[in-house]
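See structure below.
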Amino acid sequence: MFDIYTIIFLALAVFIFIRLRSVLGQRTGRERPPYDPYSRRDAAKAPAGASDKVVNFPGTAEKPVLPEPVEPVEPAADSDEPAPARWAGVAEVGSAVANGLDAIAAQEKGFDAQHFLTGARAAYEMIVVAFANGDRASLRDLLARDVFDGFSAAIAEREQRGETMETQFVGVEKAEIIEAGAKGRSAQITVRFHSQLISATRDRSGAVIDGDAEQVADVTDVWTFSRELGARDPNWKLVATEAAS
């Protein structure tokens, strides 16, 4: 039999061949697009007539809204794997994250946190690059509906100003699970990404107005993924983003 999580992350790696059909998980309607370290600080102000779902860019005074924390439950009593080795390298024994991962594994046998992180890294890069390129089709496959609406609105604003964004993804230095749990049948896992990007924004004439086309920037993002446990669709959706300091 195939390992379902191997299938999950292969699906993410070749997501252009997969079209996801449902939106899972909790949504807030106010999620932010991927963090652009060079975004203009006045970009938070929406132009007249803009959609109510226009996304504020990082650096604004408004605090991002994330899904309500899920409550971890005690690990399943019939677990076959000893607790100390269960989440080795991902979470400390007895920590809130470990308990939350136990809650997910209790409902979905074979859940592998390391495989999840591998897929989350791939999804993170895909989404950041797709947002910079204005690739709405690719974003739609990886985002919850309300998150997609926010990303699409931010791309539309950029297009209306005649600006283009160039992003070269250097790599993810570290990805760590900072929160996990299950609420009913809905699982949520929050990951903090430490990455490096080269990013620049150009105006209509092609002049760089923000960022640096050659300078590498260190970026930290906190993203939350969700899926319905036991569902036939094995893919996780991005349901919330936050640019961390």
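Let me spell out the model: positive unit charges on the Cβ of Lys and Arg, negative unit charges on the Cβ of Asp and Glu, origin at the Cα centre of the range 127-239. What dipole size does that give, in debye rounded to 20?
Details: 14 positive and 19 negative charges, 122 e Å.
The calculation lands at about 580 debye.
Under a 5 Å amide H cut-off, with hydrogens placed 1.01 Å from N, Glu179 pairs with Thr190 among residues at least 5 apart or on other chains. Send over the Kirkwood Rh of the range 94-215, from the inverse of the averaged 1/r over different Cα pairs, rounded to one decimal Å. Across the range 94-215, the inverse of the average 1/r is 16.5 Å. Averaging Cα coordinates gives a centre for the range 175-223 and one for the range 121-148; these two points are 12 Å apart.
Just so you know, all these numbers are worked out from the coordinates, no wet-lab data involved. What you see is a predicted model, and the numbers here were worked out from it, not measured in a lab. Neighbour counts run over all protein chains shown; Cβ positions are idealised from the backbone, glycine included.
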